[in-house]
Structures are given as structure tokens and as C-alpha cells.
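Participant: Before I ask anything, let me first share the structure, which is written out below as C-alpha cells.
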Amino acid sequence: MGNFIGHAGGFIILAAVIALFCAFLLESGVVKDRQRLIFNGKIAAMTAIIGIVYYFIIGYMVNILRGQTNIFDFNSIFSFKEIPSMLSAYEDMSAGGGTKGVFLPVFAGIVHGLGGLIFKQYGAIAVWLNFAAVCGGACCLHTMACDFFKKELSPVMLLYIFALPYAFLLFTPGCWGAAIGLAAIASYAFYKRKYILYGILAVLAVCINIYGMFVLIAPAVKFSGCSVYIKDFPKSAIANPYIRNGLLYAVFILSSVIMLRVIGG
């Protein structure tokens, strides 16, 4: 119960900060499109729900594979891949380990600082920061896709993205969600020709983890001319709902097997 109260308290405080910041942007006139902000809120909420479902699936698998476990005890639940060493690094910065990314313990330092202020819940803060980065990245990807195809796309597209193998790791205390989420946000900045902002976010994403290199996809697509082929995607065979949903089903199966293998060791 103590773990649950601590985690919930940290999440509520940080979520309140984000809500107040969004309200400030709206009231100050920095963000003028209220409807877009509300819609992005729905995209973020859907992304968070997907992440929460992943969390409980992970908890269920751990209980099945290793016996009864408290799902609010992050050290017990997230005992696969490099996550245990990361959790140690958040609490004790001298532990370093796998959180260094490209030689800089950026994410570990942020988690250590925030965790020291909020109930010492380092694991919960790491999870929340990953959720926040992935939610922000999902909003940017969805907005970018709507703008690119010049029509309002269903939020269901998020299901196709987060069903991909290893996507569940984005919502764990590891630093992968923060790196890839920031890479998506940086890609949107590049798409909007905010190149200075893109550069800052790109460097931060890469410093968090090597997977931040996904930030290079945006300029690669632009300069390679692949955007022309992406534009024709709605006309391709894969856009057929039966084919698309069949592939989604196959990806669900593959992702489930991968989750089981990763969590089971």
C-alpha cells in the first residue's frame, strides 16, 4: 500500500504541473487553438491508457512466471533487461550503468533530482517521465500525420504504433521512452522548420539514450524523397482495412511472444 500511495502521489503532483502549464499556455495566448489542445489531450490520454494496460500486462506476466508479486513494487516487476541497474542508478548516481546512453547520465540525473523532491519515488518518477515523453511524442506524430495527409486521422493509428514489438519498454522505468518520445517531438520541430529547437531536442534525445538516434529519421525522409511514397500510402494495398487489421493481429501475436520472452528471461 505504501508503494501505491507513493507512486500515485508522485504521479498526481507531476500531472497537476503539466495541467497547470497547459492552462497557462492557453490563457496567456501562447496556444490559441483550444480545440487542438483538447484533441491533443485525448491523444495523450489514449497513449497513457495504452501504457497503463502494458503495465498491468507486465504485472500479470510476472505473477504468472515468478509467483505472486506486488505490482506496485517496481524493483520486483521491472527485473528484466537493464532496468534493475537503471533503478539503482536513479537512487545512487554513482551506480551509473545502462542509463548513461551516449556517455552522459542525463536521464538518471533528472530522475535523481525529481525523485529526491517527490517522496523518494525514483522508479515512479522514471515511469512518469517516460509516459510524459511518449505522450508528447504521440501528440506530435499524430499532428504531423494529420498535417501531412491534410485530413483528420483517427487516434486508432496510435494502436498500430504501440503494438510494435518492444513498444512496451517505452512505458517502463528505463530511459527508452524518454529518448524516443523526445526524438518524435524533435521530428515535429524539424517538420515545422524550427531547426534550432530540433537541434536542441535532438542532442538531448541522443544524450539520454542511443535510441534517440531515431531523431535522424525526419531529415532522412525529407532529403531522400521518401515523403512522396509516404504520400501514396492511402492508395496502397496495405491501406485496405482487412489487410491492415490482419497485420495488426499478427503484430499483436508477435509482440506478446516477445514480451513473454523478455520478461521471462
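Participant: Would you mention how many residues in the stretch 192-206 are part of a helix (DSSP H, G or I) and surrounded by fewer than 19 Cβ atoms within 10 Å (Cβ to Cβ)?
Facilitator: Looking only at that region, the number is 6.
Participant: Can you pull out the residues in the stretch 60-84 that are open to solvent by less than 50 Å² (accessible area, probe 1.4 Å) and part of a helix (DSSP H, G or I)?
Facilitator: Met61, Val62, Asn63, Phe74, Ser76, Ile77, Ile83 - these are the residues of the stretch 60-84 that are open to solvent by less than 50 Å² (accessible area, probe 1.4 Å) and part of a helix (DSSP H, G or I).
Participant: From the residues in the stretch 81-114 that are at pLDDT 75 or above and of a type in the set (Ser, Thr, Tyr), which one is nearest to Asn130 (Cα to Cα)?
Facilitator: Tyr90
Participant: Further question on the same structure: Does Ile243 qualify as being modelled with pLDDT of 85 or more and more than 21 Å from His142 (Cβ to Cβ)?
Facilitator: Spelling it out, it is not the case that Ile243 is modelled with pLDDT of 85 or more and more than 21 Å from His142 (Cβ to Cβ).
Participant: Considering only the stretch 33-49, I want to know if a residue exists there that is touching a Phe, Trp or Tyr at 6+ places or on another chain (Cβ under 8 Å) and modelled with pLDDT of 80 or more.
Facilitator: Within the stretch 33-49, one or more residues are touching a Phe, Trp or Tyr at 6+ places or on another chain (Cβ under 8 Å) and modelled with pLDDT of 80 or more.
Participant: Can I ask one more? Taking the conditions exactly as written (within 24 Å of Gln35 (Cβ to Cβ) and open to solvent by less than 20 Å² (accessible area, probe 1.4 Å)), does Ala178 satisfy them or not?
Facilitator: When the stated conditions are applied, Ala178 does not pass them.
Participant: Exactly one of these conditions fails for Leu25: (1) in a helix (DSSP H, G or I); (2) under 21 Å from the mean Cα position of the chain (by Cα); (3) at pLDDT below 85; (4) not basic (Lys, Arg). Give me its number.
Facilitator: Every listed condition holds for Leu25 apart from (2).
Participant: Looking only at the stretch 149-186, which residues are in contact with a Cys (Cβ under 7 Å, 6 or more places away or on another chain) and either on the phi > 0 side of the Ramachandran plot or at pLDDT 90 or above (or both)?
Facilitator: Listed by number, the residues that qualify are Ala184, Ile185.
Participant: Can you find even one residue in the stretch 216-232 that is at pLDDT 90 or above, surrounded by fewer than 14 Cβ atoms within 10 Å (Cβ to Cβ) and of a type outside the set (A, V, I, L, M, F, W, C)?
Facilitator: No, the stretch 216-232 contains no residue that is at pLDDT 90 or above, surrounded by fewer than 14 Cβ atoms within 10 Å (Cβ to Cβ) and of a type outside the set (A, V, I, L, M, F, W, C).
Participant: Also, I was wondering about something else. Restricting to the stretch 153-183, give me the number of residues that are small (Gly, Ala, Ser) and either touching a Lys or Arg at 6+ places or on another chain (Cβ under 8 Å) or assigned to a loop (DSSP other than H, G, I, E, B) (or both).
Facilitator: 3
Participant: Between a residue in the stretch 73-91 that is basic (Lys, Arg) and any residue that is at pLDDT 85 or above and assigned to a helix (DSSP H, G or I), which pairs come within a Cβ distance under 8 Å, given they are 6 or more apart or on different chains?
Facilitator: These pairs meet every condition: Lys81/Leu169; Lys81/Val262.
The values are calculated or read from the model by the stated rules, or taken from the named source; none is laboratory data. Note that the structure is predicted; figures quoted are calculated from it, not measured. Note that we place each Cβ from the backbone using ideal geometry, even for glycine, and neighbour counts take in every protein chain shown. With ligands, DNA and RNA removed, areas are computed over all heavy atoms of the protein, side chains included. Shrake-Rupley method; radii C 1.70, N 1.55, O 1.52, S 1.80 Å.
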